[in-house]
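Pasting a structure here, questions to come.
The values are calculated or read from the model by the stated rules, or taken from the named source; none is laboratory data. All figures in this text were calculated on a predicted structure; none of them were measured in a lab. All Cβ positions, even for glycine, are placed from backbone atoms using ideal geometry, and neighbour counts span all protein chains on display. Ligands, DNA and RNA are stripped out before the accessible areas are found, and what is left, the full protein with its side chains, is counted by its heavy atoms. Shrake-Rupley method; radii C 1.70, N 1.55, O 1.52, S 1.80 Å.
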Amino acid sequence: NAGVTQTPKFQVLKTGQSMTLQCAQDMNHEYMSWYRQDPGMGLRLIHYSVGAGITDQGEVPNGYNVSRSTTEDFPLRLLSAAPSQTSVYFCASSTRRGSTEAFFGQGTRLTVV
Amino acid sequence: ILNVEQSPQSLHVQEGDSTNFTCSFPSSNFYALHWYRWETAKSPEALFVMTLNGDEKKKGRISATLNTKEGYSYLYIKGSQPEDSATYLCAFKEGGTSYGKLTFGQGTILTVHP
């Protein structure tokens, strides 16, 4: 079972560069989300989607863009990387209801220099 | 922004000790409370999802309780082992139309010393 597949695992960017973090799930989950994890701050929600064609902002959306053209895929785009975006990023998926567990990707450790 | 707090932030125990930590969350508009275990260099994995006041869940040596009226949940580990060392995250799911959206606490880092 693939579950949630997130790539790449590591990335170093220069300030101002753009990149896309890929996330795909094969569980037919309606809800997908992106989090960033910084020391002492837990997981903070960047963007989320409740289905294909529907996305919304989370707690820390600035500097990030998302789209959801299919149920399976939910890529996260960094438009112009900044050192403040150095973090560990996780993609997650779940059913819409939230009464069942979320499944997480392997994480992406991003460094912006 | 919903306030979900976990305490303590970190905990060091000896192998064989029992331990517990707390997650506090809003007592209104409750839908579900999740617990996740997150080992270094891995991704978080679900331990429990609890939806009813008074819920108690158990998985091996780990158990959790839920009090939605006062807005807290406890996670207990009996007879801690070094392999229990991890960050334990709780996440609050609000009722209404917030769908699968979870608000996470900052986590409790548990280190079990042999």
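Looking only at the stretch B:84-93, how many residues end up being at pLDDT below 95 and either farther than 18 Å from B:CYS23 by Cα or away from every other protein chain (no Cβ under 11 Å) (or both)?
So the answer is 0.
Here are some conditions: (1) touching an Asp or Glu at 6+ places or on another chain (Cβ under 6 Å); (2) within 12 Å of another protein chain (Cβ to nearest Cβ). B:SER24 meets all but one. Which one does it not meet?
Only one criterion is unmet by B:SER24, namely (2).
In the stretch A:44-56, how many are open to solvent by 40 Å² or more (accessible area, probe 1.4 Å), within 11 Å of chain B (Cβ to nearest Cβ) and touching a strand residue (DSSP E or B) at 6+ places or on another chain (Cβ under 8 Å)?
Selection size over the stretch A:44-56: 2.
Taking the stretch B:1-53 as the search range and keeping residues that are of a type in the set (Ser, Thr, Tyr) and in a strand (DSSP E or B), which one is most open to solvent (accessible area, probe 1.4 Å)?
That would be B:TYR31.
Limited to the stretch A:15-34, what total is found for residues that are within 12 Å of chain B (Cβ to nearest Cβ) and of a type in the set (D, E, K, R)?
Number of matching residues: 1.
Name every residue in the stretch B:94-113 that is touching a His at 6+ places or on another chain (Cβ under 7 Å) and either among the basic types (Lys, Arg) or more than 9 Å from chain A (Cβ to nearest Cβ) (or both), in order of residue number.
Those that are touching a His at 6+ places or on another chain (Cβ under 7 Å) and either among the basic types (Lys, Arg) or more than 9 Å from chain A (Cβ to nearest Cβ) (or both): B:THR111, B:HIS113.
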